[in-house]
Amino acid sequence: MRTGKTAGLLAVFMLCAALFSASVVSAADISLSYANFPPAKTFPCVQMERWKQEVEKRTAGKVQVQTYPGSTLLGAKNTLRGVMQGQADIGCVSLAYHPGVFPLSSVFELPLGFTSSTSASLALWDLYTKYQPKEFKRFKVLTMFASAPSNIMTKVPVRNLDDLKGLEVRASGILSKILESLGATPVSMPMSATPEALQKGVVKGLFSSFEVLKDLNFAEICRYETETNTAVYPFAIIMNMNSWNSLPDDVKKVLNDLGREQAEWTGKYMDEHVKRSLAWAKDKYSIEMIKMSDADMQAIKDKTLPLIEDWKEKAAAKGVDGAAVLSDVEELRIKYEGK
Ligand code: DTR
């Protein structure tokens, strides 16, 4: 009986030891932390999970990615510094939250006529790879992508530009300036702060892409959706330089190969998801879709045109040839939009 018990314990012990060493052997050699600011359901985090899966698969488990959505590791405004200092290996940055920091890539915040996230994301990635702008010199840029074009989602109907006068609407970066030039009162804040601002009435609406109607349940509070289909928001996925440099070449290759593919995947996901979210919001909350008159749409174009000149001047002050960048972006837009 006693020997039986001892033998049993020994067997359990050996099994545990075997399991333990097996997990040590199969554990990833490399673990990377990835910080993201908005909630897990939103598109920056959906693309993060897809990237994690692909990286783990393509490195056959050699790399493991720990994801931190919802500002659990770094928030919207401290991701740049956090990744630079190594608090996270990788982070997601919305460029519009850092006015003046990205003189070249912020061109993508201008109203340039992109009609989809896919075309804007591919164009943004191509522009980045062509210029390799020094604004990212402290980081390895893993991929970039852009949101779908922005629209006005509000608690009160915005049927024309007059309705927008003085209305407090949330945006960020150059998109705040777009709102201002249209007569609204822009309130700049990251997306992660917007649910509370809407709830408390600090803002009456927001200027962003429509998928947040579902992902952040904004359709419940913003029943009026005015289609402007203007500027997108550019994003960069940045990696700490030391973390990047310490990766073996085969892993670096996997990550490099994913750069453009991830931009395209995210764009396509976003474009599809906007359609799904609008259908969901119509069904669940009977949201009202509003189109402004042709005259107002033309006025939007005219009123926001000076922002392009303004951007060029700011870019020039930082040594960026704005005219060349704009002409490259227009070429890329035509290439990816087919018009
Ligand atoms: N509109 C930009 C980008 C954006 C669009 N959808 C989401 C969802 C979660 C975070 C950011 C975004 C913005 O408002 O920041």
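The values are calculated or read from the model by the stated rules, or taken from the named source; none is laboratory data. Computed from a predicted structure; not experimentally measured. In this analysis, Cβ positions are derived from the backbone assuming ideal geometry, glycine residues included, and neighbour counts consider all displayed protein chains. Calculation scope for accessible area: heavy atoms of the full protein, side chains included, ligands and nucleic acids excluded. Shrake-Rupley method; radii C 1.70, N 1.55, O 1.52, S 1.80 Å.
Taking every DSSP bridge with both residues inside the chain, close to 55 percent are antiparallel.
For THR228, the residues whose amide H sits under 5 Å from its own are ILE152, ignoring neighbours fewer than 5 places away on the same chain, with H placed 1.01 Å from N. Descending by average beta-carbon neighbour count within 10 Å, the peptides 138-149, 315-326, 46-57 line up as 138-149, 46-57, 315-326, the highest first. Taking 16 Å as the cut-off, the amide N atoms of the range 46-88 that come nearer than this to a point 7 Å along the Cα-to-beta-carbon line of SER246 belong to 63-66, 83-88.
The packing ranking, built from the mean of other Cβ atoms within 10 Å per residue, places the peptides 113-122, 266-275, 233-242 in the order 113-122, 233-242, 266-275, highest first.
The phi-based Karplus calculation (6.51 cos²θ - 1.76 cosθ + 1.60; θ = phi - 60°) puts the 3J(HN,Hα) values of the range 117-134 at 6, 4, 5, 5, 5, 5, 5, 4, 5, 5, 5, 4, 5, 5, 8, 6, x, 5 Hz, whole numbers, x for Gly and Pro.
Computed FRET efficiency, Cβ-Cβ of LYS268 and LYS339, R0 22 Å: what is it to the nearest 0.05?
On the way: r = 19 Å, r/R0 = 0.85.
That pair, LYS268 with LYS339, gives E of 0.75.
Converting phi to 3J(HN,Hα) with the Karplus coefficients 6.51, -1.76 and 1.60 and the offset θ = phi - 60°, the range 324-338 yields 5, 5, 4, 6, 5, 5, 5, 4, 5, 4, 5, 4, 8, 9, x Hz in sequence order, with x at every glycine or proline. Here, the range 25-114 is characterised by an Rg to Rh ratio of 1.04, where Rg is the alpha-carbon radius of gyration and Rh the Kirkwood radius. Considering all different alpha carbon pairs of the range 144-204, the Kirkwood hydrodynamic radius works out to 12.0 Å. At an R0 of 30 angstrom, the distance between the Cβ atoms of ILE30 and ARG260 translates into a FRET efficiency of 0.85. Here the chain has 56 percent of its accessible surface on carbon and sulfur atoms, given a 1.4 Å probe and all protein chains in place. Applying 1/(1 + (r/R0)^6) with r as the Cβ-Cβ distance of ALA316 and ALA60 and R0 = 45 angstrom yields a FRET efficiency of 0.40.
Taken along its principal axes, the alpha carbon cloud of the range 199-257 reaches lengths of 51, 26, 18 Å, longest axis first.
Divide the volume of the convex hull around the Cα atoms of the chain by the residue count and you get 166 Å³ per residue. Give LYS41/LYS134; LYS140/LYS268; LYS134/LYS253; LYS155/LYS335 a once-over and call out the pairs whose C-alpha atoms are over 30 Å from each other. Beyond 30 Å: LYS41/LYS134; LYS155/LYS335.
In the chain, the longest principal axis of the Cα atoms and the axis of helix 2-26 are about 40 degrees apart. Which links in LYS165/LYS204; LYS214/LYS275; LYS77/LYS275 stretch past 18 Å when you go from one Cα to the other? Check vs 18 Å cut-off fails for LYS77/LYS275. Counting only protein heavy atoms and a 1.4 Å probe, the chain has 46 square angstrom of accessible area per residue.
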